[in-house]
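**Student:** Supplied in C-alpha cells, the structure appears directly below.
The values are calculated or read from the model by the stated rules, or taken from the named source; none is laboratory data. None of the values given here were measured: they were computed from a predicted structure. Here Cβ is always computed from backbone atoms with ideal geometry, including for glycine, and neighbour counts include all displayed protein chains. The area values use the complete protein model at the heavy-atom level, side chains included, leaving out ligands, DNA and RNA. Shrake-Rupley method; radii C 1.70, N 1.55, O 1.52, S 1.80 Å.
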Amino acid sequence: MDKEALKQKILEVFQKKASSGGKSKIYLKDLQREIPEANPRDIKNAANELVKEGKLEYFSTGSTVMYGLPGVGMGLEAGMDKPEE
Amino acid sequence: MGEVKKHDTPLLDELKSGPWPSFVDDIYNYAEKHKKQAGFDILGQMELSYKNKETHWKHGGIVGVFGYGGGVIGRYSDQQEKFPAIWAFHTVRVNQPAAKWYHTSALRKLCDLWDHRGSGIMNFHGSTGDIILLGTVTEQLEYIFYDLTHQLKMDLGGSGSNLRTPECCVGMSRCEWSCIDTQDIIYELTMQFQDELHRPAFPYKFKIKVSGCPNDCVAAIARADFSIIGTWRDDIKIDQEAVRAYVGGELKPNAGAHSDRDWGPFDIKKEVIDLCPTKCMFWDEGQKKLYINNRECNRCMHCINVMPEALRPGDDRGATILMGAKAPILEGAQLSTVIVPFMKLEPPYDNLKNLIYKVWDYWMENGKNRERLGETIQRIGLNRFIVDVLGLKPIPQHVREPRSNPYIFWKEEEVEGGWTRDVAEFRRRHPA
Ligand code: HEM
Ligand code: HEM
Ligand code: SF4
Ligand code: SF4
C-alpha cells in the first residue's frame, strides 16, 4: 500500500469510529489491528505524518499516547475526566 | 506584576520544622522574591490535598509541541477558581546530556528561561533521567520549545508510548570501572532513535539505560526494558602488592568510604573471600597471595569495590544485555533478565542497534496496549522470545535457577522422528 493510500485508510478508520459513536481516541495498536495488511512501522509513520498535517492529533495522559481527529471527542485542554481506554 | 496572594498552609508549614531543608521554604522564598502567584497557589492546592487526602490535579490531553508526540505532560487544577495561577501546570521533560554534565552558564540560562516562562520550579532530575521543568501554561509551550532548541541547544525528552530519554551512569568521564563508553552509547542511541523518542511508536513506554559496570549505578537492571551493563570476560586484574597493602592496613578498604566508624582491622577473609557469591576466591595466608577462579566469578564487583587499588575489571570488555524490567503495573515488579551474556560494544554499535530494532519489530506487532516488553516476554515465554523472536541459541546463562526457570523445551522439528515416532521400536534398538 502506498503512503497516501495508507493515510487515507487511517483517516477512514477514525471517521468510521467517530460517526458510529465509537471511540474518539485510539491507540496505535488498535489502529494497526484495523489495518492488518500494512506494516506496523508504516502505519506509525503515516499516522505521525497525519499529525504533522493537522489531520490527526495526539492525546495523552502522560504514560501512553492515543490518536484522534482534531475537534472530535475530548479536546486537548479538556483535562476534566479520565480519557476512555 | 500585581499583588500576590498567599494562602494559609498550616499543615505544610509543619514540614519546615524538620531537620532537612524543606521544599516548602524553597517555594515560599522563591515565590516571594519573584512575586510568583504560581508558587503560592501550588502550595495552597497542596495544603488542600493534605487536608482532604486527595489529589486536585486533572490529566489533560496535551502531549508536546507541534510535531512532537511526547515531552510535555498536561496537568490542570480542578480548583481553578481558588488557584487561578495554576489552572494549567504542565510538566516539560528536557533531554539531559549523557551522564548529566552541564556548564553552569547553561544551567543559568535554563533557570532564566523557567523564571520567565514557567513556575520557576524544576527538578534535577526526574526518575527517567530528564530535567523536569514543573508548571507552565499551554500558551508558553511553543516559546519554551523555541528557546530550548535555539538558545540552549536542548531538546524535549520522551513521554507516553515513546522511547523514553535514554540514560547512563557517569561512565568513563569519572569512573575507572566503566567497561564501556556509556556516554557515547547513549548519545549514539539518542541520535539514532530520534523518531521513536519524539513520535509515539509503541504499545507502551520503552526505556534504555546503560551502566558501565555491574555496580549498575543507573539501576538499569531494575528500571529499563532494555538494560545494557558493562562487564568483562577475561580475568580480574590483581596487583598482589596492593592486596597485601590492604591486608596490612596501609590501604583503606572501599577507598575509605566506611571510615567514619571504627570497624576494626581489615579482615580479607571475612570482608571479601567469604562474601564472594560464587565462592571462587582464596587468600593464601602463608604465601600472602590472592587467587581467583575466574571461570566461576560472576562479575558481581564486590571484591573490586572493597579493594579498588588491588583489583580491576579485565581488559576484554563489553556488556551484558538484559531485557524486561518494569515496575508493578499489570504483573508484579520484575528485573531484567539476561538475553545476551556478552556483547562487544564499539562505535557505531550496529550490533546493539540491530538487536533493539529486532525487539521493537516484534513488540510493536505483538505487544498488547499498555504491555511492557517484560510482560510480553512473560506471556509468550522466555524460551520462545530467545529462540523464535531473536533467533538466539538458548544457553546456560539464560537459566536463572531450577524450578522457577522457564525451561527450554524441544520443538517437534528438533526431535528426530517428531512427536509421532514409534518409541517402542526405537527402544528395541536403544534400550533406555
Ligand atoms: C541418576 C538418576 C537421577 C539423577 C542424577 C537425578 C537428578 C535430579 C536433579 C539434579 C533434580 C533437580 C533437583 C532440583 O530441583 O534442584 C531432580 C529432581 C527430581 N527428580 Fe531426579 N534424578 C535421578 C533419578 C530420578 C528418578 C529415578 C526419579 C523418579 C522415579 C526422579 C524424580 C525426580 C523428581 C520428581 C524431581 C523433582 C522435579 C521438580 O523439580 O519438580 N529422579 N533429579
Ligand atoms: C498422602 C500422600 C502424600 C502426601 C501427604 C504427600 C505430601 C508431600 C509434601 C508435603 C511434599 C512437599 C511439597 C513441597 O516441597 O512443598 C511432597 C512432595 C513430593 N511428593 Fe508427595 N505426598 C503424598 C504422596 C505422594 C506420592 C504417592 C508420590 C509419588 C508417587 C509423591 C511424590 C512426591 C514428589 C515427587 C514430591 C516432590 C515434588 C517437588 O518437590 O517438586 N507424593 N509430597
Ligand atoms: S555503574 Fe560502574 S562504571 Fe558506572 S558509575 Fe557505577 S561503578 Fe562506575
Ligand atoms: S567479582 Fe564477585 S564473584 Fe567475582 S571474584 Fe569478586 S566477589 Fe567473587
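**Student:** Answer yes or no: is there a residue in segment B:318-334 that is in a helix (DSSP H, G or I), farther than 21 Å from B:ARG299 by Cα and open to solvent by less than 60 Å² (accessible area, probe 1.4 Å).
**Tutor:** Checking segment B:318-334: not a single residue is in a helix (DSSP H, G or I), farther than 21 Å from B:ARG299 by Cα and open to solvent by less than 60 Å² (accessible area, probe 1.4 Å).
**Student:** Could you check segment B:157-173 and list, in sequence order, the residues that are of a type in the set (A, V, I, L, M, F, W, C) and surrounded by fewer than 24 Cβ atoms within 10 Å (Cβ to Cβ)?
**Tutor:** Matches in segment B:157-173: B:VAL170, B:MET172.
**Student:** Of all residues in segment B:219-235 being in a loop (DSSP other than H, G, I, E, B) and open to solvent by less than 10 Å² (accessible area, probe 1.4 Å), which is nearest to ligand 4 (Cβ to nearest atom)?
**Tutor:** B:ALA224
**Student:** Anything in segment B:362-381 that is part of a helix (DSSP H, G or I) and open to solvent by less than 20 Å² (accessible area, probe 1.4 Å)? List them, or say none.
**Tutor:** Once the filter is applied, which keeps residues that are part of a helix (DSSP H, G or I) and open to solvent by less than 20 Å² (accessible area, probe 1.4 Å), segment B:362-381 yields B:TRP363, B:MET364, B:LEU373, B:GLY374, B:GLU375, B:THR376, B:ILE377.
**Student:** Pairs needed: first member in segment B:360-384, in the same structural domain as B:LYS207 (by TED's automatic domain parsing); second member anywhere, among the basic types (Lys, Arg); C-beta distance under 6 Å; at least 6 residues apart or different chains.
**Tutor:** Pairs that qualify, where the first residue is in the same structural domain as B:LYS207 (by TED's automatic domain parsing) and the partner is among the basic types (Lys, Arg), are B:ASN369/A:LYS29; B:ARG372/B:LYS326; B:GLY374/B:LYS326.
**Student:** Determine whether B:LEU141 is away from ligand 3 (no atom under 16 Å from the Cβ) and either open to solvent by 50 Å² or more (accessible area, probe 1.4 Å) or closer than 23 Å to B:TYR30 by Cα (or both).
**Tutor:** yes
**Student:** What tally of residues in segment A:35-68 results from selecting those that are in a loop (DSSP other than H, G, I, E, B), within 10 Å of chain B (Cβ to nearest Cβ) and crowded, with 17+ Cβ neighbours inside 10 Å?
**Tutor:** Qualifying residue count for the region: 3.
**Student:** I've got another one for you. Go through segment A:64-85 and give me each residue that's within 14 Å of A:LYS17 (Cβ to Cβ) and at pLDDT below 55.
**Tutor:** Within segment A:64-85, just A:GLU84 meets the criteria.
**Student:** So the check is Cβ under 6 Å with 6+ separation or different chains; which pairs have a first residue in segment B:51-66 that's within 12 Å of chain A (Cβ to nearest Cβ) and of a type in the set (Val, Ile, Thr) and a second one that's assigned to a loop (DSSP other than H, G, I, E, B) and buried (at least 17 other Cβ atoms within 10 Å of the Cβ)?
**Tutor:** Short answer, once both residue conditions are applied: B:ILE62/A:LEU76; B:ILE62/B:GLY74; B:VAL63/B:GLY69.
**Student:** Can you give me the number of residues within segment A:1-34 that are under 12 Å from the mean Cα position of the chain (by Cα), open to solvent by less than 60 Å² (accessible area, probe 1.4 Å) and either in contact (Cβ under 8 Å) with a residue 12 or more places away in the chain or within 16 Å of B:ALA201 (Cβ to Cβ) (or both)?
**Tutor:** Of the residues in segment A:1-34, 15 are under 12 Å from the mean Cα position of the chain (by Cα), open to solvent by less than 60 Å² (accessible area, probe 1.4 Å) and either in contact (Cβ under 8 Å) with a residue 12 or more places away in the chain or within 16 Å of B:ALA201 (Cβ to Cβ) (or both).
**Student:** Of the residues that sit in segment B:67-91 and are among the hydrophobic types (A, V, I, L, M, F, W, C) and closer than 22 Å to A:SER63 by Cβ, which one is farthest from the other protein chains (Cβ to nearest Cβ)?
**Tutor:** B:ILE86
**Student:** Can you tell me which residue within segment B:174-185, out of those that are open to solvent by 10 Å² or more (accessible area, probe 1.4 Å) and part of a helix (DSSP H, G or I), is farthest from ligand 3 (Cβ to nearest atom)?
**Tutor:** Ranking the qualifying residues of segment B:174-185, first place goes to B:ASP184.
**Student:** Against the definition (assigned to a helix (DSSP H, G or I) and either modelled with pLDDT of 95 or more or farther than 30 Å from B:PHE206 by Cβ (or both)), how does B:SER17 come out, yes or no?
**Tutor:** Taking the combined requirement at face value, the residue does not satisfy it.
**Student:** Only one of these conditions is not met by B:ASN294: (1) part of a helix (DSSP H, G or I); (2) touching a residue at least 40 places away in the same chain (Cβ under 8 Å); (3) among the polar types (S, T, N, Q). Which number is it?
**Tutor:** Here B:ASN294 meets the rest and fails (1).
**Student:** Count, please, the residues in segment B:302-340 that happen to be over 30 Å from B:PRO253 (Cα atoms), more than 16 Å from ligand 3 (Cβ to nearest atom) and of a type outside the set (A, V, I, L, M, F, W, C).
**Tutor:** Counting residues in segment B:302-340 that are over 30 Å from B:PRO253 (Cα atoms), more than 16 Å from ligand 3 (Cβ to nearest atom) and of a type outside the set (A, V, I, L, M, F, W, C) gives 7.
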